[in-house]
Amino acid sequence: MESVLRNAFLFLSKNQFANRTAKKYGLRFGARKFVAGEQIAEAISVVRELNTRGIVATLDHLGEFIFTKEEALESKDYCIRTLEAIAAGGVQSNLSLKLTQLGLDISYDLCLDNMRQIVAAAQRLNNFVRIDMEDYAHNEATIKLFHQLRSEYGATVGLVIQAYLFKSEEDMKQLNKYNPNFRLVKGAYKESPMVAFPDKVDVDNNFIRIIEQHLLQGNYAAVATHDDRIIEHVKRFAQQRGIPNSQFEFQMLYGIRTHEQQSLAAQGYTMRVYVPYGNDWYGYFMRRLAERPANVAFVLKSMFKK
Ligand code: FDA
(Lines give C-alpha, C1' and ligand atoms only; values in the text may rest on other atoms or scores of the structure.)
Protein backbone atom coordinates (compact mmCIF):
# COMPACT_ATOMS: atom_id res chain seq x y z
CA MET A 1 0.00 0.00 0.00
CA GLU A 2 2.81 2.37 0.95
CA SER A 3 4.57 1.92 -2.38
CA VAL A 4 1.29 2.48 -4.28
CA LEU A 5 0.80 5.77 -2.44
CA ARG A 6 4.45 6.72 -2.98
CA ASN A 7 4.18 6.16 -6.75
CA ALA A 8 0.83 7.97 -6.88
CA PHE A 9 2.27 11.07 -5.18
CA LEU A 10 5.40 11.00 -7.37
CA PHE A 11 3.11 10.80 -10.42
CA LEU A 12 0.99 13.70 -9.14
CA SER A 13 4.10 15.79 -8.47
CA LYS A 14 4.76 15.83 -12.22
CA ASN A 15 1.26 16.98 -13.20
CA GLN A 16 1.53 20.40 -14.79
CA PHE A 17 -2.20 21.12 -14.75
CA ALA A 18 -2.40 20.46 -11.00
CA ASN A 19 0.74 22.58 -10.54
CA ARG A 20 -0.83 25.53 -12.41
CA THR A 21 -4.08 25.21 -10.46
CA ALA A 22 -2.21 25.02 -7.13
CA LYS A 23 -0.26 28.17 -8.01
CA LYS A 24 -3.52 30.01 -8.67
CA TYR A 25 -5.17 29.04 -5.38
CA GLY A 26 -2.23 29.48 -3.02
CA LEU A 27 -0.83 27.31 -0.23
CA ARG A 28 -3.48 24.69 0.64
CA PHE A 29 -4.02 21.25 2.15
CA GLY A 30 -1.51 21.60 4.93
CA ALA A 31 1.36 22.48 2.58
CA ARG A 32 2.25 25.24 5.02
CA LYS A 33 3.69 22.58 7.30
CA PHE A 34 6.48 22.04 4.74
CA VAL A 35 6.60 25.35 2.83
CA ALA A 36 7.40 28.60 4.63
CA GLY A 37 5.05 30.77 2.56
CA GLU A 38 4.63 32.20 -0.90
CA GLN A 39 6.43 35.50 -0.36
CA ILE A 40 10.06 36.16 0.55
CA ALA A 41 8.99 38.22 3.60
CA GLU A 42 7.18 35.18 5.05
CA ALA A 43 10.23 32.99 4.41
CA ILE A 44 12.54 35.49 6.11
CA SER A 45 10.30 35.62 9.17
CA VAL A 46 10.31 31.80 9.37
CA VAL A 47 14.13 31.86 9.20
CA ARG A 48 14.25 34.57 11.87
CA GLU A 49 12.10 32.44 14.16
CA LEU A 50 14.39 29.41 13.57
CA ASN A 51 17.43 31.60 14.28
CA THR A 52 15.99 32.68 17.62
CA ARG A 53 15.93 28.99 18.54
CA GLY A 54 19.59 28.49 17.55
CA ILE A 55 18.85 26.91 14.17
CA VAL A 56 20.27 28.22 10.88
CA ALA A 57 18.65 27.79 7.47
CA THR A 58 19.08 27.34 3.77
CA LEU A 59 16.36 29.05 1.71
CA ASP A 60 15.08 27.56 -1.51
CA HIS A 61 12.87 29.54 -3.88
CA LEU A 62 10.71 26.78 -5.36
CA GLY A 63 10.51 26.52 -9.12
CA GLU A 64 9.20 23.67 -11.25
CA PHE A 65 8.53 23.15 -14.97
CA ILE A 66 10.98 25.72 -16.32
CA PHE A 67 10.78 25.51 -20.12
CA THR A 68 11.70 28.97 -21.41
CA LYS A 69 14.67 31.28 -21.15
CA GLU A 70 12.40 33.96 -19.62
CA GLU A 71 11.31 31.57 -16.86
CA ALA A 72 14.93 30.65 -16.13
CA LEU A 73 15.91 34.33 -15.95
CA GLU A 74 13.00 35.06 -13.61
CA SER A 75 14.14 32.18 -11.41
CA LYS A 76 17.68 33.60 -11.35
CA ASP A 77 16.30 36.99 -10.28
CA TYR A 78 14.40 35.32 -7.43
CA CYS A 79 17.59 33.62 -6.25
CA ILE A 80 19.46 36.93 -6.18
CA ARG A 81 16.55 38.64 -4.44
CA THR A 82 16.55 35.88 -1.84
CA LEU A 83 20.25 36.46 -1.15
CA GLU A 84 19.60 40.20 -0.86
CA ALA A 85 16.65 39.65 1.49
CA ILE A 86 18.79 37.41 3.71
CA ALA A 87 21.39 40.19 3.96
CA ALA A 88 18.80 42.94 4.47
CA GLY A 89 16.95 40.90 7.11
CA GLY A 90 20.19 40.09 8.94
CA VAL A 91 19.15 36.43 9.25
CA GLN A 92 21.41 33.39 9.21
CA SER A 93 20.69 31.47 6.04
CA ASN A 94 22.38 30.49 2.83
CA LEU A 95 20.72 29.58 -0.48
CA SER A 96 19.90 26.23 -2.08
CA LEU A 97 18.84 25.89 -5.69
CA LYS A 98 18.29 23.43 -8.52
CA LEU A 99 20.01 23.84 -11.88
CA THR A 100 16.91 22.86 -13.89
CA GLN A 101 15.24 25.95 -12.35
CA LEU A 102 18.00 28.02 -13.91
CA GLY A 103 17.67 26.61 -17.39
CA LEU A 104 19.84 23.46 -17.41
CA ASP A 105 17.30 21.69 -19.66
CA ILE A 106 17.25 24.65 -22.04
CA SER A 107 20.98 25.27 -22.45
CA TYR A 108 24.07 24.57 -20.36
CA ASP A 109 25.49 28.01 -21.16
CA LEU A 110 22.29 29.80 -20.11
CA CYS A 111 22.37 27.91 -16.81
CA LEU A 112 26.09 28.66 -16.29
CA ASP A 113 25.51 32.33 -16.98
CA ASN A 114 22.61 32.46 -14.47
CA MET A 115 24.69 30.62 -11.89
CA ARG A 116 27.64 32.99 -12.35
CA GLN A 117 25.37 35.92 -11.51
CA ILE A 118 23.90 34.18 -8.46
CA VAL A 119 27.24 32.99 -7.07
CA ALA A 120 28.81 36.40 -7.70
CA ALA A 121 25.94 37.98 -5.71
CA ALA A 122 26.49 35.46 -2.91
CA GLN A 123 30.20 36.27 -2.87
CA ARG A 124 29.48 40.01 -2.73
CA LEU A 125 27.08 39.43 0.17
CA ASN A 126 29.45 37.05 1.94
CA ASN A 127 27.05 34.15 1.63
CA PHE A 128 27.04 30.63 0.15
CA VAL A 129 25.10 28.77 -2.57
CA ARG A 130 24.38 25.06 -2.45
CA ILE A 131 23.55 23.27 -5.69
CA ASP A 132 20.98 20.54 -5.00
CA MET A 133 21.49 17.30 -6.90
CA GLU A 134 18.58 16.23 -9.10
CA ASP A 135 17.96 12.97 -10.95
CA TYR A 136 20.65 10.91 -12.66
CA ALA A 137 19.96 12.45 -16.07
CA HIS A 138 21.26 15.80 -14.74
CA ASN A 139 24.12 14.45 -12.64
CA GLU A 140 27.06 14.82 -15.05
CA ALA A 141 26.09 18.31 -16.19
CA THR A 142 25.66 19.39 -12.55
CA ILE A 143 29.11 18.13 -11.62
CA LYS A 144 30.65 19.80 -14.70
CA LEU A 145 29.02 23.10 -13.78
CA PHE A 146 30.18 22.76 -10.18
CA HIS A 147 33.81 22.25 -11.40
CA GLN A 148 33.51 25.43 -13.43
CA LEU A 149 31.97 27.56 -10.64
CA ARG A 150 34.27 26.17 -7.96
CA SER A 151 37.33 27.14 -10.00
CA GLU A 152 35.93 30.66 -10.59
CA TYR A 153 34.33 31.44 -7.20
CA GLY A 154 36.05 29.15 -4.71
CA ALA A 155 34.25 28.11 -1.55
CA THR A 156 31.16 30.27 -2.19
CA VAL A 157 29.58 27.28 -3.90
CA GLY A 158 28.84 23.76 -2.65
CA LEU A 159 27.27 20.62 -4.06
CA VAL A 160 25.10 17.68 -3.01
CA ILE A 161 26.29 14.08 -3.29
CA GLN A 162 23.80 11.19 -3.28
CA ALA A 163 24.75 7.98 -1.47
CA TYR A 164 22.49 5.80 -3.63
CA LEU A 165 24.54 6.36 -6.81
CA PHE A 166 27.36 3.90 -7.57
CA LYS A 167 29.39 6.73 -9.08
CA SER A 168 29.33 9.07 -6.06
CA GLU A 169 32.46 7.72 -4.38
CA GLU A 170 34.47 8.24 -7.57
CA ASP A 171 32.95 11.72 -8.10
CA MET A 172 34.04 12.68 -4.59
CA LYS A 173 37.60 11.54 -5.34
CA GLN A 174 37.67 13.65 -8.51
CA LEU A 175 36.36 16.72 -6.64
CA ASN A 176 38.51 16.30 -3.55
CA LYS A 177 41.18 18.70 -4.86
CA TYR A 178 38.79 21.56 -4.06
CA ASN A 179 38.30 20.53 -0.40
CA PRO A 180 34.63 20.88 -1.20
CA ASN A 181 31.74 21.57 1.12
CA PHE A 182 29.29 18.76 0.32
CA ARG A 183 25.78 18.12 1.51
CA LEU A 184 25.59 14.34 1.75
CA VAL A 185 22.16 12.72 1.28
CA LYS A 186 20.74 9.27 0.62
CA GLY A 187 19.11 10.38 -2.66
CA ALA A 188 15.49 11.18 -3.43
CA TYR A 189 14.77 10.18 -7.04
CA LYS A 190 13.59 6.92 -8.57
CA GLU A 191 16.73 5.58 -10.30
CA SER A 192 17.54 2.48 -12.32
CA PRO A 193 19.39 -0.37 -10.56
CA MET A 194 21.96 0.09 -13.35
CA VAL A 195 23.12 3.32 -11.67
CA ALA A 196 21.93 3.22 -8.05
CA PHE A 197 21.83 0.74 -5.16
CA PRO A 198 18.34 -0.77 -5.27
CA ASP A 199 18.42 -1.91 -1.62
CA LYS A 200 18.01 0.57 1.23
CA VAL A 201 20.55 -1.23 3.38
CA ASP A 202 23.24 -0.69 0.71
CA VAL A 203 22.30 2.98 0.40
CA ASP A 204 22.55 3.42 4.17
CA ASN A 205 25.95 1.66 4.28
CA ASN A 206 27.29 3.76 1.43
CA PHE A 207 25.91 6.90 3.10
CA ILE A 208 27.94 6.14 6.23
CA ARG A 209 31.01 5.27 4.14
CA ILE A 210 31.01 8.52 2.17
CA ILE A 211 30.31 10.67 5.25
CA GLU A 212 33.29 9.10 7.05
CA GLN A 213 35.58 9.45 4.02
CA HIS A 214 34.63 13.07 3.50
CA LEU A 215 35.25 13.96 7.14
CA LEU A 216 38.54 12.05 7.30
CA GLN A 217 39.76 14.03 4.25
CA GLY A 218 39.33 17.12 6.45
CA ASN A 219 36.41 18.45 4.41
CA TYR A 220 33.23 20.14 5.64
CA ALA A 221 30.18 17.86 5.60
CA ALA A 222 26.52 18.81 5.77
CA VAL A 223 24.87 15.56 6.80
CA ALA A 224 21.28 15.86 5.57
CA THR A 225 19.07 13.15 7.01
CA HIS A 226 16.16 12.52 9.38
CA ASP A 227 17.60 9.12 10.22
CA ASP A 228 18.50 8.86 13.93
CA ARG A 229 20.76 5.88 13.36
CA ILE A 230 22.95 7.82 10.90
CA ILE A 231 22.94 10.96 13.08
CA GLU A 232 24.05 8.99 16.15
CA HIS A 233 26.73 7.27 14.07
CA VAL A 234 28.12 10.61 12.84
CA LYS A 235 28.21 12.04 16.36
CA ARG A 236 30.07 8.97 17.68
CA PHE A 237 32.46 8.84 14.72
CA ALA A 238 33.37 12.53 15.08
CA GLN A 239 34.01 12.10 18.78
CA GLN A 240 36.18 8.99 18.32
CA ARG A 241 38.25 10.55 15.51
CA GLY A 242 38.61 13.97 17.13
CA ILE A 243 36.68 15.70 14.35
CA PRO A 244 35.46 19.06 15.70
CA ASN A 245 31.77 20.03 15.56
CA SER A 246 32.82 22.97 13.39
CA GLN A 247 33.68 20.55 10.55
CA PHE A 248 30.12 19.33 10.01
CA GLU A 249 26.50 20.23 10.39
CA PHE A 250 23.19 18.39 10.37
CA GLN A 251 20.44 19.35 7.97
CA MET A 252 16.74 18.49 7.92
CA LEU A 253 13.73 19.69 5.96
CA TYR A 254 11.38 22.37 7.28
CA GLY A 255 8.44 20.82 9.11
CA ILE A 256 10.00 17.38 9.52
CA ARG A 257 11.21 16.09 12.92
CA THR A 258 11.19 19.57 14.41
CA HIS A 259 11.72 18.21 17.91
CA GLU A 260 14.94 16.45 16.81
CA GLN A 261 16.10 19.61 15.03
CA GLN A 262 15.78 21.53 18.27
CA SER A 263 17.46 18.82 20.29
CA LEU A 264 20.54 18.69 17.99
CA ALA A 265 20.89 22.48 18.18
CA ALA A 266 20.64 22.31 21.98
CA GLN A 267 23.44 19.71 22.01
CA GLY A 268 25.72 22.26 20.35
CA TYR A 269 25.63 20.96 16.77
CA THR A 270 25.05 23.27 13.84
CA MET A 271 21.51 22.46 12.73
CA ARG A 272 20.46 23.84 9.36
CA VAL A 273 16.88 23.61 8.16
CA TYR A 274 16.04 23.59 4.46
CA VAL A 275 13.27 26.17 4.09
CA PRO A 276 11.41 26.20 0.76
CA TYR A 277 9.15 29.08 -0.21
CA GLY A 278 7.33 30.43 -3.26
CA ASN A 279 4.10 29.84 -5.14
CA ASP A 280 5.47 26.76 -6.93
CA TRP A 281 4.87 24.66 -3.81
CA TYR A 282 2.78 21.86 -5.31
CA GLY A 283 5.50 19.51 -6.67
CA TYR A 284 7.64 19.86 -3.55
CA PHE A 285 4.62 19.13 -1.33
CA MET A 286 3.68 15.99 -3.35
CA ARG A 287 7.27 14.70 -3.07
CA ARG A 288 7.19 15.12 0.73
CA LEU A 289 3.94 13.13 0.83
CA ALA A 290 5.51 10.46 -1.39
CA GLU A 291 8.47 10.20 0.98
CA ARG A 292 6.24 9.49 3.93
CA PRO A 293 2.64 8.57 3.18
CA ALA A 294 1.95 8.79 6.95
CA ASN A 295 1.85 12.56 6.35
CA VAL A 296 -1.32 12.05 4.34
CA ALA A 297 -3.29 11.69 7.59
CA PHE A 298 -2.03 15.13 8.58
CA VAL A 299 -3.12 16.55 5.21
CA LEU A 300 -6.57 14.99 5.42
CA LYS A 301 -7.05 16.51 8.88
CA SER A 302 -6.01 19.96 7.65
CA MET A 303 -8.46 19.72 4.71
CA PHE A 304 -11.38 19.37 7.10
CA LYS A 305 -10.27 22.02 9.56
CA LYS A 306 -12.04 25.35 9.31
P1 FDA B 1 15.01 7.74 5.47
O2 FDA B 1 14.03 8.13 4.41
O3 FDA B 1 15.63 6.39 5.41
O4 FDA B 1 14.29 7.93 6.85
C5 FDA B 1 14.93 7.53 8.06
C6 FDA B 1 14.03 7.82 9.22
O7 FDA B 1 13.84 9.22 9.34
C8 FDA B 1 12.61 7.26 9.09
O9 FDA B 1 12.56 5.91 9.47
C10 FDA B 1 11.86 8.17 10.02
O11 FDA B 1 12.07 7.77 11.33
C12 FDA B 1 12.53 9.49 9.78
N13 FDA B 1 11.83 10.28 8.75
C14 FDA B 1 12.14 10.33 7.42
N15 FDA B 1 11.29 11.15 6.78
C16 FDA B 1 10.42 11.60 7.70
C17 FDA B 1 9.28 12.45 7.66
N18 FDA B 1 8.87 13.00 6.49
N19 FDA B 1 8.63 12.69 8.79
C20 FDA B 1 9.03 12.13 9.96
N21 FDA B 1 10.08 11.29 10.07
C22 FDA B 1 10.76 11.03 8.96
N23 FDA B 1 17.91 14.42 -2.12
C24 FDA B 1 18.46 14.56 -3.35
O25 FDA B 1 18.41 13.62 -4.14
N26 FDA B 1 19.06 15.74 -3.71
C27 FDA B 1 19.15 16.79 -2.86
O28 FDA B 1 19.73 17.82 -3.23
C29 FDA B 1 18.61 16.65 -1.56
N30 FDA B 1 18.66 17.67 -0.65
C31 FDA B 1 18.22 17.46 0.64
C32 FDA B 1 18.38 18.46 1.61
C33 FDA B 1 18.02 18.22 2.92
C34 FDA B 1 18.23 19.27 3.96
C35 FDA B 1 17.46 16.95 3.29
C36 FDA B 1 17.09 16.64 4.71
C37 FDA B 1 17.27 15.99 2.33
C38 FDA B 1 17.62 16.23 1.00
N39 FDA B 1 17.42 15.26 0.02
C40 FDA B 1 17.97 15.43 -1.22
C41 FDA B 1 16.52 14.10 0.29
C42 FDA B 1 17.29 12.85 0.71
O43 FDA B 1 18.00 12.34 -0.38
C44 FDA B 1 16.30 11.80 1.22
O45 FDA B 1 15.43 11.41 0.19
C46 FDA B 1 15.45 12.25 2.40
O47 FDA B 1 16.21 13.01 3.31
C48 FDA B 1 14.91 11.03 3.16
O49 FDA B 1 15.98 10.23 3.62
P50 FDA B 1 16.50 10.22 5.12
O51 FDA B 1 17.98 10.32 5.08
O52 FDA B 1 15.83 11.24 5.93
O53 FDA B 1 16.23 8.75 5.62
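³J(HN,Hα) across segment 129-144 via Karplus (A = 6.51, B = -1.76, C = 1.60, θ = phi - 60°), whole Hz, x for Gly/Pro?
Here the 3J(HN,Hα) series is 10, 9, 8, 5, 9, 9, 6, 4, 4, 9, 5, 5, 5, 5, 5, 4 Hz.
Multiply the residue gap between A88 and Y108 by 0.36 nm, knock off their C-alpha separation, and tell me the result in nm, one decimal place. Write down the numbers at each step before the final one.
Numbers: separation 20, 0.36 × 20 = 7.20 nm, distance 3.13 nm.
This chain segment gains 4.1 nm when fully extended.
How large is log10 of I(q)/I(0) for the chain at q = 0.07, 0.08 Å⁻¹ when the intensity is taken from the Debye formula with one equal scatterer per alpha-carbon?
So the normalised log intensities work out to -0.25, -0.33.
Between L216 and N7, what is 0.36 nm times their sequence separation minus the Cα-Cα distance? Round to one decimal in nm.
71.5 nm
Round to a whole number: what % of the accessible area of the chain belongs to carbon and sulfur, probe 1.4 Å?
Values: 7610 of 14450 Å².
Within the chain, the accessible surface is 53 percent carbon and sulfur.
Taking the Cα centre of each part, how many Å lie between segment 167-210 and segment 213-289?
16 Å
Just the number please: accessible area per residue for segment 51-184, 1.4 Å probe, all protein chains included, in Å².
About 39 Å² of surface per residue is accessible.
Using a Förster radius of 30 Å, what is the FRET efficiency between N126 and N176 based on their Cβ-Cβ separation? Nearest 0.05, please. If you can, show how the numbers build up before the last one.
Working: r = 25 Å, r/R0 = 0.85.
For R0 = 30 Å, the calculated efficiency reads 0.75.
For segment 1-145, compute the orientation-averaged projected area of the C-alpha convex hull (one quarter of its surface), in nm². Can you show the working numbers first?
Numbers: hull surface 40.3 nm².
That works out to 10.1 nm².
Under a 5 Å amide H to amide H cut-off, with H placed in plane at 1.01 Å, what residues pair with L253 once short-range neighbours are removed?
Y274
Describe numerically, in nm with one decimal, the distance between label points set 7 Å from Cα along Cα→Cβ at R209 and at T52.
Using points 7 Å along Cα→Cβ, the separation is 4.6 nm.
Please compute the contact order of the chain in relative form: average sequence separation of alpha-carbon pairs under 8 Å and at least six residues apart, divided by the residue count, as a percent.
On the way: 481 pairs, mean separation 86.9, N = 306.
Relative contact order here is 28 percent.
Per residue, how much space in cubic angstrom lies within the convex hull of the C-alpha atoms of segment 218-287? Mind showing how you got there, number by number?
On the way: hull volume 7.0 nm³, N = 70.
Taking only Cα atoms, segment 218-287 has a hull volume of 101 Å³ per residue.
The values are calculated or read from the model by the stated rules, or taken from the named source; none is laboratory data. Everything numeric here is computed off the predicted structure, so don't read it as measured data. Please note: Cβ atoms are built from the backbone with ideal geometry, for glycine as well, and neighbour counts cover all protein chains shown. Ligands, DNA and RNA are excluded from the accessible area calculation, which covers all protein heavy atoms including side chains. Shrake-Rupley method; radii C 1.70, N 1.55, O 1.52, S 1.80 Å.
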